[in-house]
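Contents: one structure, followed by commentary.
The values are calculated or read from the model by the stated rules, or taken from the named source; none is laboratory data. Model, not experiment: these values are computed from the prediction. Don't worry about glycine lacking a Cβ; one is built from the backbone with ideal geometry, like all the others, and counts go over all protein chains shown.
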Amino acid sequence: MGGPWRAALVGVLPVDRIIMHVDMNAFFASVEQQADPSLRGRPVLVSGDPQGRSVVSAASYEARPFGVRAGMPLVTARRLCPGAVIVRARHREYARVSHQILAILRTYTPLVEPYSIDEAFLDLTGCEKVSGPPREAALAIKRAIHAATGLTCSIGIAPNRFLAKMASDLQKPDGLVVLESSDVPRLLWPLPVTRLFGVGEKTAERLRSLGIVTIGALAQMPAALLQQRLGPGAGRLVELAWGRDVTPVESEGAGAKSISHEVTLPVDTADESRLQELVLDMSDRVARRVRRAGLQGRTVEIKLRNAKFQTIVRSRTLDGPTQLSEDIYAACLKLLDQHWDRSPVRLVGVSLSQLTGAGHGQLHFPDGRERQRKLAAVTDAIRERFGEDSLVRARLLSPRKPEGEPS
């Protein structure tokens with residue numbers, strides 16, 4: 001590996017909860033560097049369209065000293081780091097590696113919540129007999145991920161999700177930090193308020209206008225006053241500044257609220273056929289994840305974001321629960337027809353909610369649908385054995401086949 005793991009053990013974790021946050025380091029760029037040894041040690045930028053108008057999807061750690069970051073326009077990144085190697089994003093490969101990593105994490109606890117394609121929360125409470133003490137479990141996870149993929153990760157361990165997320169961000173790359181609630185004033189309060197998980201630039205701007213520039217200053221602000229100035233959600237920020245969070249880790253099982261997939265396009269499109277292809281691909285992906293989790297759902301939701309970053313979310317509730325792509329896709333097409341104003345779209349998302357276990361209630365298989373259920377089971381088995389791209393719908397076999405990140 002690129003250096004010894006750095007571990008900072010702070011105090012002793014309380015016995016109520018042991019939450020871990022695993023964050024893959026510069027994930028997309030690291031996957032590309034692992035696949036092509038000539039890229040290692042060089043500044044690498046991953047982009048959806050290296051030759052056109054696009055943004056940086058990921059920047060390797062070698063590129064970051066130049067000021068390059070994810071979400072930056074590619075033309076700006078080229079100017080800041082002219083020596084960078086630009087690589088076209090391969091989201092299917094990133095999804096494959098992500099699934100490989102999740103499989104490793106699930107050998108330590110059944111409570112694994114994928115938070116994005118490159119990070120996940122784990123609840124290790126009560127799993128010590130299987131996984132060992134938290135720090136040893138984290139080191140074992142690092143070794144297992146590196147052995148399987150060649151990649152490094154940063155891990156935070158804490159008594160709640162928020163602190164675990166903050167802890168994983170304290171030592172990057174390849175860090176390991178165990179953070180206790182009592183350490184919040186010493187380790188988190190001196191940090192800029194922008195480092196607080198959940199504080200975006202607009203919120204930070206409003207906080208700065210109130211003279212709040214550090215997490216500690218936010219913690220000392222009366223919640224009622226902050227809510228008066230910023231709205232009812234501001235009280236939550238004060239709780240986080242004190243390290244308080246009771247949000248549970250929810251695996252993609254019966255406790256999951258929804259399963260979704262979305263994609264940001266490298267170029268905005270108003271091509272209806274293109275959008276239908278994207279929705280079909282995402283309906284397939286959502287349905288496979290629902291079936292893999294042993295679930296079914298009743299409410300289909302579609303998300304569209306235009307070039308002005310205006311987002312609409314519309315949903316349709318089915319007559320009965322389903323886990324079939326065809327049902328999800330059909331509902332999405334109706335939602336598209338009813339609610340899309342035909343303006344160019346830059347982000348599309350599909351989600352299935354009102355989830356229950358597949359054994360609860362009557363699955364939505366009208367006359368003649370049993371064949372589709374059996375076909376889905378067969379295609380799932382083939383993809384599990386031979387890979388995600390071993391079977392692709394004929395309509396999606398084109399140079400522009402959609403790619404994206406699960407959420």
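How many of the residues in the range 90-100 are surrounded by fewer than 21 Cβ atoms within 10 Å (Cβ to Cβ) and of a type in the set (A, V, I, L, M, F, W, C)? Residues flagged as surrounded by fewer than 21 Cβ atoms within 10 Å (Cβ to Cβ) and of a type in the set (A, V, I, L, M, F, W, C) within the range 90-100 amount to 1. Candidates are the residues of the range 108-137 that are within 20 Å of residue 148 (Cα to Cα) and free of Cβ contacts under 8 Å to residues at least 24 places away in the same chain; the one that is surrounded by the fewest Cβ atoms within 10 Å (Cβ to Cβ) is 136. For the range 324-353, the set of residues classified as of a type in the set (Val, Ile, Thr) and surrounded by fewer than 16 Cβ atoms within 10 Å (Cβ to Cβ) is empty. Remark: pairs (first residue in the range 202-217, farther than 11 Å from residue 234 by Cβ; second residue surrounded by 14 or more Cβ atoms within 10 Å (Cβ to Cβ) and among the charged types (D, E, K, R); Cβ separation under 7 Å; 6+ apart in sequence or on different chains) = 215/195.
Where helices (runs of 4 or more DSSP H) sit wholly within the range 172-232, those with at least 2 residues that are outside the structural domain of residue 61 (by TED's automatic domain parsing) and among the hydroxyl-bearing types (Ser, Thr, Tyr) occupy 201-209.
At pLDDT below 95 and of a type in the set (A, V, I, L, M), is that true of residue 193? Spell out the reasoning first.
Working: at pLDDT below 95: yes; of a type in the set (A, V, I, L, M): yes.
So residue 193 fits the description; yes.
Evaluate the following for residue 153: is it touching a residue at least 12 places away in the same chain (Cβ under 8 Å), in contact with an Asp or Glu (Cβ under 7 Å, 6 or more places away or on another chain) and either assigned by TED's automatic domain parsing to the domain that holds residue 20 or of a type outside the set (Asp, Glu) (or both)? So residue 153 passes the test.
Taking each residue of the range 62-81 that is outside the structural domain of residue 200 (by TED's automatic domain parsing) and assigned to a helix (DSSP H, G or I) and looking for partners that are surrounded by 15 or more Cβ atoms within 10 Å (Cβ to Cβ) and among the aromatic types (Phe, Trp, Tyr) with beta-carbon atoms closer than 7 Å, six or more apart or interchain, yields 80/66. Comparison of 103, 59, 70 shows that the only residue that is of a type in the set (A, V, I, L, M), closer than 23 Å to residue 35 by Cβ and surrounded by 21 or more Cβ atoms within 10 Å (Cβ to Cβ) is 59.
Per-residue answers, yes or no, for (1) surrounded by 15 or more Cβ atoms within 10 Å (Cβ to Cβ); (2) of a type outside the set (Gly, Ala, Ser):
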position	(1), (2)
293	yes, no
299	yes, yes
302	yes, yes
306	yes, yes
312	no, yes
316	yes, yes
322	yes, yes
